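A.B. asks: Once you've had a glance at the structure underneath, I'll fire off some questions.
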Amino acid sequence: MAAARPLRGREPQLSRLTELLRSAATGRGGALRLLGGMGTGKTALLAAAREAATGFRVLSAPGVRAEHRLSLGALHRLLQPVGGLPQGAPTTDFALCRDVHDLVVRLAHPRPVLCLADDAQWWDETSLAALAFAARRLAEVPVAVVLAARPEVGTTGGADPTGGIPAYRLAPLGPEAGERMLRDALGAGLPPAVRTSLVELAAGIPGDLVELAGALTAEQAAGRAPLPATLPLAGPQRTAYRRCLACLSPRARHLVLLAACEPRLRETVLAGCPGIDPAARDEALASGLVQAEGDAVRAVSPVLRATLRAEAEAAELRHAHATLAGALGERGGVRAAWHRAAATAERDAGLGDALRAAEIAVPGLTPQQNRIALLVAGGETNREIARRLVISHRTVDHHLRNIFAKLGVRSRVRLAALLARQDC
């Protein structure tokens with residue numbers, strides 16, 4: 001299956017889509033689900049399927065959050081090009097499902113049909129159940145159905161309406177696939193260290209990786225300046241994250257910002273944060289902005305952590321830091337000290353005093369470099385650090401280059417990992 005640009009790391013899914021279309025073209029239809037978070041390549045895979053569906057009638061309908069509770073809204077969009085929903089009001093759910101199945105079967109003559117449902121988590125439940133009913137009954141019909149959704153579909157209560165349809169999860173790209181994607185986008189001239197650092201910042205999320213690469217300055221692309229800490233303000237990925245954050249309930253939003261302020265938010269710490277209940281945790285995880293990892297919750301990628309912080313109001317970030325400082329308590333060491341300092345509205349925020357009180361010092365770094373290293377590890381951008389320490393952005397850049405050189409690291413991610421190993 002061809003695509004405008006190679007979908008690196010998604011070869012197994014492309015192969016399965018090709019197989020599905022070939023089978024449907026010979027009268028043996030079927031369906032599959034593509035499950036992954038924002039930016040993992042679901043929409044790109046659907047576009048590749050559409051491009052490969054030569055000779056097919058293609059029907060598609062992305063989910064629309066505003067119509068999530070509008071019964072039959074998604075089916076109406078899917079079937080509008082062929083006359084809309086079947087005439088007459090079905091008297092039962094089964095009758096509706098049967099009518100949709102029969103309509104799709106009729107449409108498959110004289111040529112096969114491909115149905116694409118993007119962002120299926122925003123399809124209304126009635127539409128999704130009806131399409132899934134049809135999708136499970138295509139063995140002898142020239143119809144292929146592909147649904148793309150976030151992994152949480154069907155997990156927030158009740159049975160999953162798409163259950164029984166084979167599912168393929170889109171994991172983050174590995175280092176090799178991520179670096180190949182960067183070579184496709186920027187050519188072979190990007191230094192290997194820059195490619196590696198970008199993949200680490202994006203944590204293998206293709207959409208984040210592409211936006212980061214597109215935002216590089218010439219100095220950053222050459223490895224002569226620190227890489228951007230956040231996604232570009234007007235990029236589609238950041239816009240999607242912004243909208244998702246804005247739609248969360250206050251408690252779920254607070255939890256997401258707690259994870260944005262604490263690189264690895266342990267469940268034991270989360271349990272000590274007032275106002276965070278199981279419903280807020282489930283909503284935050286379902287948003288795709290954070291994920292569970294062992295005994296902790298964390299933002300999906302380092303660049304998303306910094307981006308979420310940049311999207312938040314200053315007052316709610318201070319509230320998140322204060323909450324974390326209280327939950328960590330006196331035994332929280334440098335993390336508690338840093339959160340206490342970050343919870344104040346004042347510049348510098350007594351950070352130097354807090355670090356000295358916690359007896360924090362990374363060997364080989366000056367006091368100012370210690371402050372900057374810890375702020376970087378805490379997720380702050382260079383501009384945030386400059387404002388906090390009342391120094392210029394260029395001075396932060398200069399210190400950061402020296403910190404990287406002294407500690408033998410090449411990225412903010414590696415610096416944070418090094419400080420974590422030192423219990424900083």
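The values are calculated or read from the model by the stated rules, or taken from the named source; none is laboratory data. The shown structure was predicted, so the numbers you read here are calculated from the model rather than taken from an experiment. Cβ sites come from the backbone with ideal geometry, for glycine too, and all protein chains shown count toward neighbours.
A.B. asks: Check GLN369, GLN422 and return the single one that is farther than 22 Å from LEU212 by Cβ and modelled with pLDDT of 85 or more.
C.D. replies: Checking each option against the conditions leaves just GLN369.
A.B. asks: Among the residues in the stretch 97-111, are any under 30 Å from CYS247 (Cα atoms), surrounded by fewer than 17 Cβ atoms within 10 Å (Cβ to Cβ) and not assigned by TED's automatic domain parsing to the domain that holds ASP282? Don't jump to the end; show me each part of the working.
C.D. replies: From the stretch 97-111, those under 30 Å from CYS247 (Cα atoms) are none; that's our starting set.
Within the stretch 97-111, none of the residues are under 30 Å from CYS247 (Cα atoms), surrounded by fewer than 17 Cβ atoms within 10 Å (Cβ to Cβ) and not assigned by TED's automatic domain parsing to the domain that holds ASP282.
A.B. asks: Let me confirm something: among ARG242, ARG335, which residue is under 21 Å from GLY39 (Cα atoms) and touching a residue at least 12 places away in the same chain (Cβ under 8 Å)?
C.D. replies: Values: ARG335 fails: under 21 Å from GLY39 (Cα atoms).
Residue meeting the stated conditions: ARG242.
A.B. asks: With in contact (Cβ under 8 Å) with a residue 12 or more places away in the chain and within 24 Å of ASP184 (Cα to Cα) as the only criterion, which of LEU248, LEU255, LEU233, LEU198 stands out?
C.D. replies: Numbers: LEU248 fails: within 24 Å of ASP184 (Cα to Cα); LEU255 fails: within 24 Å of ASP184 (Cα to Cα); LEU233 fails: in contact (Cβ under 8 Å) with a residue 12 or more places away in the chain.
Just one listed residue meets the conditions, LEU198.
A.B. asks: Sticking with this one: Going through the stretch 293-305 one residue at a time, which ones are among the small types (Gly, Ala, Ser) and either in a loop (DSSP other than H, G, I, E, B) or at pLDDT below 90 (or both)?
C.D. replies: Matches in the stretch 293-305: GLY294, SER301.
A.B. asks: Could you go through the stretch 41-49 and let me know if any residue there is touching a helix residue (DSSP H, G or I) at 6+ places or on another chain (Cβ under 8 Å), crowded, with 23+ Cβ neighbours inside 10 Å and over 23 Å from LEU182 (Cβ atoms).
C.D. replies: yes
A.B. asks: Give ARG28, ARG50, ARG33, ARG16 a once-over and let me know the one that is more than 31 Å from the chain's Cα centre (by Cα), modelled with pLDDT of 95 or more and of a type in the set (D, E, K, R).
C.D. replies: Checking each option against the conditions leaves just ARG28.
A.B. asks: I've got another one for you. Is there a residue being buried (at least 18 other Cβ atoms within 10 Å of the Cβ), more than 20 Å from the chain's Cα centre (by Cα) and assigned to a loop (DSSP other than H, G, I, E, B) anywhere in the stretch 144-157?
C.D. replies: no
A.B. asks: Going by what's in this entry, would ARG50 be described as assigned by TED's automatic domain parsing to the domain that holds ARG137, basic (Lys, Arg) and touching a residue at least 60 places away in the same chain (Cβ under 8 Å)?
C.D. replies: So ARG50 fits the description; yes.
A.B. asks: Still on this structure, please answer the following. It is to be established whether one or more residues within the stretch 182-191 are buried (at least 22 other Cβ atoms within 10 Å of the Cβ), farther than 16 Å from ARG410 by Cα, not charged (D, E, K, R) and not assigned by TED's automatic domain parsing to the domain that holds VAL409.
C.D. replies: yes
A.B. asks: Can you find even one residue in the stretch 54-76 that is surrounded by 22 or more Cβ atoms within 10 Å (Cβ to Cβ), more than 22 Å from the chain's Cα centre (by Cα) and over 15 Å from PRO161 (Cα atoms)?
C.D. replies: No; the residues of the stretch 54-76 include none that is surrounded by 22 or more Cβ atoms within 10 Å (Cβ to Cβ), more than 22 Å from the chain's Cα centre (by Cα) and over 15 Å from PRO161 (Cα atoms).
A.B. asks: Go through the stretch 231-250 residue by residue and tally those that are touching a Ser or Thr at 6+ places or on another chain (Cβ under 9 Å) and either under 28 Å from GLY275 (Cα atoms) or exposed (fewer than 12 other Cβ atoms within 10 Å of the Cβ) (or both).
C.D. replies: 7
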